[in-house]
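The values are calculated or read from the model by the stated rules, or taken from the named source; none is laboratory data. Keep in mind the model is a prediction, meaning the values are calculated, not measured. Backbone-built Cβ (ideal geometry, glycine too); neighbour counts: all protein chains shown.
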Amino acid sequence: MKKFIAIGLILLAPWTQANNARQTVYQIESASHRGDTQSLKSIETHEDQFAEAFRLYQLASHAMAKLAYKESLNYLERAVPILERQIERETQNADAHALLAAIYGWIAGQKPESATVYGPLSHQLIAAAQEINGKDPQVNLLSGIIKFHTPEAYGGSKQEALKLFEKAIKAYESADDAGWGRADAYVWRALILRELGKTHRAQEDLTTALNIAPEYGWAKFLRQSF
């Protein structure tokens, strides 16, 4: 009997680890939505590489919002080797490819001298992520963010970004638990809809985002400012 229990525990271990990592990412996302940087700094990621890189990515976002550019860049550069190691080990991890692509693109924007290196790497990685799993909502969300921020001369497009956010939203809506980023997809689509003069639809997206994540500070700010 003990032998069967031991075998069962061994078989359950990978599922338990994956579930714990997923819950950690949700915890990071929740703290980020609240603007709780102190919690973000103290959350234990238990050596889960994606969760740790995601935590640093969220900290970089909040530092950027405060115009703390050096602090933001520091978080991003700390995340790079973590994700590079993960991709070396998990060559089919679409989310890790997409997150690293977004971070490379962000660094290229903050450090123009690095753009000739990180810009092409960002495009290569997001293309790889799409090839691995083009239906993944997080991959499409991050692809849209990259398209949104990339200058048109280098392949950026608000219209293409809009299509990617819509693709991400459809994937989120068709799954019971599609993971992190669902509220963000609506917020990013709202930003483009506002630029297109579709303010009412943008407001609807922001309301949906707040129904998903009631404490989402960025969504609250945008809804008040539209």
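Taking interchain pairs and intrachain pairs at least six residues apart, which have beta carbon atoms under 6 angstrom, with the first residue in the stretch 149-168 and on the phi > 0 side of the Ramachandran plot and the second among the hydrophobic types (A, V, I, L, M, F, W, C)?
The qualifying pairs do not exist here.
Would it be correct to say that Leu73 is modelled with pLDDT of 95 or more and buried (at least 19 other Cβ atoms within 10 Å of the Cβ)? Don't jump to the end; show me each part of the working.
Working: modelled with pLDDT of 95 or more: yes; buried (at least 19 other Cβ atoms within 10 Å of the Cβ): no.
Judged against the criteria, Leu73 is not a match.
Can you name the condition, by its number, that Leu121 falls short on among (1) at pLDDT 95 or above; (2) closer than 23 Å to Arg189 by Cα?
The one condition Leu121 does not meet is (2).
Kindly establish whether Ile212 is β-branched (Val, Ile, Thr), modelled with pLDDT of 95 or more, within 19 Å of Gly144 (Cα to Cα) and over 15 Å from the mean Cα position of the chain (by Cα). Walk me through how you get there before you give the answer.
Values: β-branched (Val, Ile, Thr): yes; modelled with pLDDT of 95 or more: yes; within 19 Å of Gly144 (Cα to Cα): no; over 15 Å from the mean Cα position of the chain (by Cα): yes.
So Ile212 does not fit the description; no.
Which number in (1) closer than 15 Å to Ala209 by Cβ; (2) in contact with a Lys or Arg (Cβ under 8 Å, 6 or more places away or on another chain); (3) touching a residue at least 60 places away in the same chain (Cβ under 8 Å) marks the one condition that Gly179 misses?
Looking at each condition in turn, Gly179 falls short on (1).
Quick check on my filter: what residues within the stretch 46-91 are hydroxyl-bearing (Ser, Thr, Tyr) and closer than 24 Å to Tyr216 by Cα? Explain how you work it out, then say what you get.
To start, the set of residues in the stretch 46-91 that are hydroxyl-bearing (Ser, Thr, Tyr) comprises 57, 61, 69, 72, 75, 91.
Residues satisfying the conditions are Tyr57, Ser61, Tyr69, Ser72, Tyr75.
Among the residues of the stretch 164-216, which ones are buried (at least 21 other Cβ atoms within 10 Å of the Cβ), assigned to a helix (DSSP H, G or I) and of a type in the set (Ser, Thr, Tyr)?
Tyr172, Tyr186 - these are the residues of the stretch 164-216 that are buried (at least 21 other Cβ atoms within 10 Å of the Cβ), assigned to a helix (DSSP H, G or I) and of a type in the set (Ser, Thr, Tyr).
Say we look at the stretch 106-140 and pick out the residues that are touching a Gly at 6+ places or on another chain (Cβ under 7 Å) and in contact (Cβ under 8 Å) with a residue 40 or more places away in the chain; which of these is nearest to Ala21 (Cα to Cα)?
Per the stated criteria, the residue is Gln138.
With the stretch 69-142 as the region, which helices (runs of 4 or more DSSP H) entirely inside it contain at least 1 residues that are in contact with a helix residue (DSSP H, G or I) (Cβ under 6 Å, 6 or more places away or on another chain), under 23 Å from Lys163 (Cβ atoms) and among the hydrophobic types (A, V, I, L, M, F, W, C)? Write out each step before concluding.
On the way: elements: 69-89, 94-110, 115-133.
Fully inside the stretch 69-142 and qualifying: 94-110, 115-133.
I'd like the residue in the stretch 22-41 that is closer than 19 Å to Ala96 by Cβ and surrounded by fewer than 19 Cβ atoms within 10 Å (Cβ to Cβ) and, out of all such residues, is modelled with the lowest pLDDT. Break it down stepwise before answering.
Step one: filter the stretch 22-41 for residues closer than 19 Å to Ala96 by Cβ, giving 22-29, 32.
Right, trim to surrounded by fewer than 19 Cβ atoms within 10 Å (Cβ to Cβ) and you get 22-23, 26-27.
Values: Arg22: 88, Gln23: 94, Tyr26: 96, Gln27: 97.
That would be Arg22.
Hey, among Ala102, Ala94, which residue is over 27 Å from Leu222 (Cα atoms), in contact (Cβ under 8 Å) with a residue 40 or more places away in the chain and buried (at least 20 other Cβ atoms within 10 Å of the Cβ)?
On the way: Ala102 fails: over 27 Å from Leu222 (Cα atoms).
Just one listed residue meets the conditions, Ala94.
Take the stretch 42-60 and flag every residue that is in a helix (DSSP H, G or I) and surrounded by fewer than 17 Cβ atoms within 10 Å (Cβ to Cβ). Lay out the reasoning, then the answer.
Here is the first cut: in the stretch 42-60, the residues in a helix (DSSP H, G or I) are 42, 49-60.
Ser42 - this is the single residue of the stretch 42-60 that is in a helix (DSSP H, G or I) and surrounded by fewer than 17 Cβ atoms within 10 Å (Cβ to Cβ).
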